[in-house]
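The values are calculated or read from the model by the stated rules, or taken from the named source; none is laboratory data. On a predicted model such as this, the values are computed, not experimentally measured, just so you know. Reconstructed Cβ throughout: ideal geometry from the backbone, glycine too, with neighbour counts over all protein chains shown. In case anyone asks, the SASA skips ligands and DNA or RNA and just uses the protein heavy atoms, side chains included. Shrake-Rupley method; radii C 1.70, N 1.55, O 1.52, S 1.80 Å.
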Amino acid sequence: MKEQFYNLSAKDAVKKLATDEKHGLTQKEAQKRQQKYGKNILNTKRKKSIVSKFIAQFNDFMILLLLGAAGVSFFTSFLQGDADIAEPVIILAIVTLNALLGVIQESRAEKSLEALKKLASPHASVIRDGQEISIESSALCPGDIVSFSSGDIICADCRLLSSTGLCIDESALTGESVPVQKDANSTFDAPVPLGDRKCMVYSSTAVVSGKGRAVVCATGMNTEVGEIAAMLINDEDAPTPLQQKLSDAGKNLGIAALAICVVIFVIGLFKRIAPLEMFMTSVSLAVAAIPEGLPAIVTIMLAIGVMKLSAKNAVIRHLPSVETLGSASVICTDKTGTLTQNKMRTAAMYTHDNLMLLRLCALCSSDANNPTDAAILAKALEEGIDTEMLEKKHPLIDEEPFTSVRKRVSVIRRYSAGFRVIVKGAPEYILPLCTMVYNGTRAVPISKGVKDKITAENNSMTKRALRVIAVAYCDTSSRSLDEKNLTFAGLIGLEDPPRLEAAEAVKTCKKAGIIPVMVTGDHIGTAVSVAKQTGILTDEKAMTGTELDALSDSELCRVIGDYRVFARVTPAHKVRIVKAWQSEGHIVAMTGDGVNDAPALSAADIGCSMGKKGTDVAKNASDMILTDDNFATIVKAVHIGRGIYDNIRKAIKFLLSSNIGEILTVFSGIVFGCGAPLSAIELLWVNLVTDSLPAIALGLDPYDRDVMEKPPRPAKSGLFGGGLWGSIIAEGLMIGALALLAFSIGANVFSDFVTGQTMAFAVLSISQLVHSFNMRSEKSVIRAGLFKNKYLVLSFIAGLILQVSVISVPAAASLFGVARLDFIQWCIVAGLSLMPLVLVELQKLFSAKFHKKSF
């Protein structure tokens, strides 16, 4: 178990680390300790070479099957003597493209660790051999005595020895939006969350104000940020849901296609068809049956989604993540800077004179870099107070800074009648110092009843998750800063307000069946308030990190669905929360911007980081970067992701129903002793004409309007769920039957086998082009707009011209061995080719009426 120092006094910590507070370590001792503990740097994964990464991409069944198909296709073309290498070249191009994309995607974890290293301060002020010197932060070791002041980055985890007005920005590590006031004298007997350890400072956090001295307790991978790096090193990228589904589908389809082709080959031999002819037909059918265009089509669809998202302030780093976000059922979001503006503002005032209260506050708020002071000064300017002129009119004489003991800041300024002491700070520390209260016209003695009202108002503001500041003053003729006999002026409540778009985005998420969950390092009161304002929390529960620690993983999984807010959590908690939701069958998206979010971003099915205020660590651990830091952008991404998934299903349905039609045509012709209705080259031609442009055009289909009114797809639902397989088989049978009917008419009515082959060839190709329009909607495509997808219309025209040319142009007809068709034969081809549109429209009409009656 990691050694903790927040439960030790400063003296005990120095003793335990065997160092000297005044003289520090000797150079000799520092070298020994660095050999023992290692350099103050973060470890990285051993990097793979580009070549090894590229080769590893081919370790996939479908990829290997496609490569085998390419080789066999080339060999078949060679045996035929036509040197048709279009099919193998296309297959090789697809496989190479996917391999290159895979190499790019693998660099995510490596970049995360590199960004973590950049967060470390390059130099540190340390005492060695009794002398204060500046050294590289990598040379720090446990026991070193370091000092730091405003603007410095903390280089290691340290136990404070002394501090003066020290405030640390830990938002990147804990999610705390307000800088934390540190106190070297505080200790804790019981375990406390990271954000509450007032006597500790941590690596990669920043000093906002004040100064301090501390003893180094942990360096490198032993620091809190080092533990985050270790999580990233050990994290293994799991396949996205889409990748897994396509992989499984490709494997099953490939095996089935090969099995069917072997059966067809054997049957052909029994029917005494020439072995070489039967072999080439079977292999061509295998190539046609395997949807080798699917990976490229999916890649194109996802790339189009990337371009659309880029225009809407979202940068995708991982292509399949577009679809994954579309299937997300839980979004775990950070609070600070994600749901809120990460900018304090004045939300409430309790006083008899707002302007007087703001003037007093402005004169006691000189640090514009402090979020609290900045919020007060902004409110003063908003109310028309010239703060610069005010400061010149009332020059500063003396000040007493805020400390964790005093809980207030005090100043004395010159006024025309003398001097005025102004004090602002925690109400429970200010109110006991007050003997008077300003009633709007003058100061009067403060009664118990008035104090009770002030206390009640303070409690009311606190319950609203406001940070409450009390302001008091006293006029004096002395220049000494005396805080006695103060006059109470009022209370100011500050908040980090929710983004204006956040509530609407949360509402849209819930309407889409997505569960929004807040996971933050901030206080539970603040978290609950923001969650209620944004609509995340209604009747559900909230949990703290301490309460989460008391639960085992199995217990957490059992109750996770009852909670919508998790506050005061650590990086390890965030990962547990993400994995608990995943264990319940959810696809989890995680948003965040800090170092503390990186492991959870990596563990989630998709990580969304913030572009403006996000750390490099979070960006490089994520799949998507929101350039406008806007939670609402995620909703747009979900919309696009769902639309892409629907279009992928359209393309799959079209490709596979067409492939089944091709298999059925050849299989039936051979089984019934009619011979092969299509030659090998005709099969490959149909495959090329119908598997490319129409499928890509379906990927460009406009998304359904009601896509965000449907519940998310269950994580365990297959790519072919919802009756897709049934539709594919039924429509494949339809296409195959139409082609066989054309073959039968040509061979029997017109008494010519080649004419029958040619008519089957034309119907099989053109009917698939017509059938592509059926894919556009589950409802009537005529009502949805038959010509609404201009890309599909163009692909139909292009495919039709190519198919007609192959049969009508003498040189092409000779190459393909087809017969020229007369007018009547073309009319029969046209009529049969249009039947998919007619039959599917009738089926949709019947289904709609049946569905309406059932309700």
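Taking only the range 164-177 into account, find how many residues are farther than 12 Å from Gly212 by Cα and in contact with a Ser or Thr (Cβ under 7 Å, 6 or more places away or on another chain).
The qualifying residues number 7.
Scanning the range 728-761 for residues that are open to solvent by 30 Å² or more (accessible area, probe 1.4 Å) and of a type in the set (D, E, K, R) gives a single hit, Asp752.
Checking the condition modelled with pLDDT of 85 or more and among the charged types (D, E, K, R), which residue from Lys613, Lys619, Lys653, Lys636 passes?
After applying the criteria, what remains is Lys653.
If you go through the range 151-160 and pick out every residue that is open to solvent by 20 Å² or more (accessible area, probe 1.4 Å) and not in a loop (DSSP other than H, G, I, E, B), you end up with 1. The residue that is farthest from Lys379 (Cα to Cα), counting only those in the range 481-532 that are of a type in the set (Ser, Thr, Tyr) and touching a strand residue (DSSP E or B) at 6+ places or on another chain (Cβ under 9 Å), is Thr520. Being over 28 Å from Thr633 (Cα atoms) and either touching a helix residue (DSSP H, G or I) at 6+ places or on another chain (Cβ under 7 Å) or modelled with pLDDT of 70 or more (or both) is a description that does not apply to Ala303. One residue stands out in the range 131-148 among those that are more than 36 Å from the chain's Cα centre (by Cα) and not hydrophobic (A, V, I, L, M, F, W, C): the one that is surrounded by the most Cβ atoms within 10 Å (Cβ to Cβ), namely Asp144. Before we move on, is Lys39 surrounded by 14 or more Cβ atoms within 10 Å (Cβ to Cβ), of a type in the set (Lys, Arg), at pLDDT 75 or above and in contact with a Gly (Cβ under 7 Å, 6 or more places away or on another chain)? Yes.
Per-residue answers, yes or no, for (1) without any contact (Cβ under 8 Å) to a residue 60 or more places away in the chain; (2) open to solvent by 60 Å² or more (accessible area, probe 1.4 Å); (3) among the aromatic types (Phe, Trp, Tyr); (4) touching a Ser or Thr at 6+ places or on another chain (Cβ under 7 Å):
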| residue | (1), (2), (3), (4) |
| --- | --- |
| Thr336 | no, no, no, yes |
| Asp353 | no, no, no, no |
| Asp386 | yes, yes, no, no |
| Lys392 | yes, yes, no, no |
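Quick one: would you say Lys28 is open to solvent by 80 Å² or more (accessible area, probe 1.4 Å), within 20 Å of Gln131 (Cβ to Cβ) and either modelled with pLDDT of 90 or more or assigned to a loop (DSSP other than H, G, I, E, B) (or both)? Here the answer is yes, as Lys28 does meet what is asked. Summed over the range 308-334, the residues that are of a type in the set (S, T, N, Q), part of a helix (DSSP H, G or I) and open to solvent by less than 30 Å² (accessible area, probe 1.4 Å) give a count of 2.
Within the range 664-685, being of a type in the set (Val, Ile, Thr) and at pLDDT below 80 holds for Val666, Ile670, Val671, Ile681. On the stretch given as the range 688-705, residues that are charged (D, E, K, R) and either touching a Ser or Thr at 6+ places or on another chain (Cβ under 6 Å) or modelled with pLDDT of 85 or more (or both) total 1.
Residues in the range 805-815 that are without any contact (Cβ under 8 Å) to a residue 40 or more places away in the chain and within 52 Å of the chain's Cα centre (by Cα): Ser805, Ala812. Scanning the range 344-382 for residues that are touching a helix residue (DSSP H, G or I) at 6+ places or on another chain (Cβ under 8 Å), in a loop (DSSP other than H, G, I, E, B) and not charged (D, E, K, R) yields Met344, Ser365, Ser366, Ala368. Among the candidates Thr520, Thr544, Thr534, Thr526, the residue that is over 23 Å from the mean Cα position of the chain (by Cα), buried (at least 23 other Cβ atoms within 10 Å of the Cβ) and in contact (Cβ under 8 Å) with a residue 24 or more places away in the chain is uniquely Thr526.
If the condition is being closer than 20 Å to Ser416 by Cβ, of a type outside the set (Val, Ile, Thr) and open to solvent by 30 Å² or more (accessible area, probe 1.4 Å), then the range 469-490 contributes Asp475, Ser477, Ser478, Arg479, Ser480, Leu481, Asp482.
Within the range 717-727, is even one residue in contact with a Leu (Cβ under 8 Å, 6 or more places away or on another chain) and surrounded by fewer than 17 Cβ atoms within 10 Å (Cβ to Cβ)? No, there is no match, as no residue in the range 717-727 is in contact with a Leu (Cβ under 8 Å, 6 or more places away or on another chain) and surrounded by fewer than 17 Cβ atoms within 10 Å (Cβ to Cβ). Listed by position, the helices (runs of 4 or more DSSP H) inside the range 739-842 whose residues that are under 18 Å from Val689 (Cβ atoms) number at least 3 are 753-774, 790-808, 810-816. Please determine, by comparing only the residues of the range 163-172 that are open to solvent by less than 10 Å² (accessible area, probe 1.4 Å) and outside any loop (DSSP other than H, G, I, E, B), which one is nearest to Glu21 (Cα to Cα). This residue is Leu166.
Where strands (runs of 3 or more DSSP E) fall wholly inside the range 452-562, the ranges with 2 or more residues that are more than 22 Å from Ile331 (Cα to Cα) and not aliphatic (A, V, I, L, M) are 467-476, 486-495.
Would you mind stating whether Arg576 is of a type in the set (Lys, Arg), open to solvent by 10 Å² or more (accessible area, probe 1.4 Å), touching a residue at least 24 places away in the same chain (Cβ under 8 Å) and touching a Gly at 6+ places or on another chain (Cβ under 6 Å)? Taking the combined requirement at face value, the residue does not satisfy it. On inspection, Arg713 fails the criterion of being over 19 Å from Gly831 (Cβ atoms), part of a loop (DSSP other than H, G, I, E, B), free of Cβ contacts under 8 Å to residues at least 24 places away in the same chain and open to solvent by 30 Å² or more (accessible area, probe 1.4 Å).
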